[in-house]
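The values are calculated or read from the model by the stated rules, or taken from the named source; none is laboratory data. Values in this document were obtained by computation on a predicted structure and should not be read as measured data. All Cβ positions, even for glycine, are placed from backbone atoms using ideal geometry, and neighbour counts span all protein chains on display.
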Amino acid sequence: MEKVGGEGQITMKKNSQRAHRVGDQIQRELAELLRLHVKDPRIGMVTITAVEMSPDLSHAKIFFSHLAGAEQKDAAVEALQHTAGYLRTELAHRLKLYTVPQLHFVYDDSIESGLRMSKLIDDAIADDGKHPS
C-alpha cells in the first residue's frame with residue numbers, strides 16, 4: 001500500500017492495518033498456545049509482548065519476556081525456535097491466512113530496562129535530596 005508524501009514523493013506505508021491486525025491475532029493465539037499446549041520446561045512462563053509483521057506477512061518477529069529474566073533468555077529463545085514448527089501448524093488451524101508466517105523469537109528486555117531506568121531516577125532524586133542547594 002503506497003501513499004503520497006510531501007513534494008509528490010511516493011513512500012511505502014510502514015505498517016499496514018492488515019499486518020497490525022494479523023500481528024495482534026498471532027500474539028493472542030501464541031499466548032494461549034504457549035500457556036496451554038507447550039510443555040517445554042526451558043520455555044517456562046513467557047509473555048508475548050509484541051508481534052511485528054513483515055509487510056508481506058511472511059515473517060513475524062515475536063517479542064517475549066521471561067519470568068526468569070535475561071539469565072534464561074538464550075535457552076528460552078532456543079526452545080521457542082524449536083517449537084516454532086508446531087506453533088505454525090497450530091496457527092494454521094486457527095487463523096484464516098493463505099500462508100502462516102515464519103516465526104522469529106526475540107527476547108524483549110524493555111521491561112527490565114524500564115525498571116533499571118526507574119531505579120536510576122529514584123536514586124538520583126534521593127541523592128539530590130541529600131545535598132542542600
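Could you list, in sequence order, all residues of region 60-98 that are at pLDDT 90 or above, within 15 Å of the chain's Cα centre (by Cα) and polar (S, T, N, Q)? If the condition is that a residue be at pLDDT 90 or above, within 15 Å of the chain's Cα centre (by Cα) and polar (S, T, N, Q), then Gln81 is the only one that fits. Listed by first and then second residue, the pairs with beta-carbon distance under 7 Å, at least 6 apart or on different chains, first residue in region 90-112 and within 19 Å of Ala75 (Cβ to Cβ) and touching a residue at least 24 places away in the same chain (Cβ under 8 Å), second of a type in the set (Val, Ile, Thr) and assigned to a strand (DSSP E or B), are Leu103/Ile62; His104/Ile62; Phe105/Ile62; Val106/Ile62; Asp108/Thr49.
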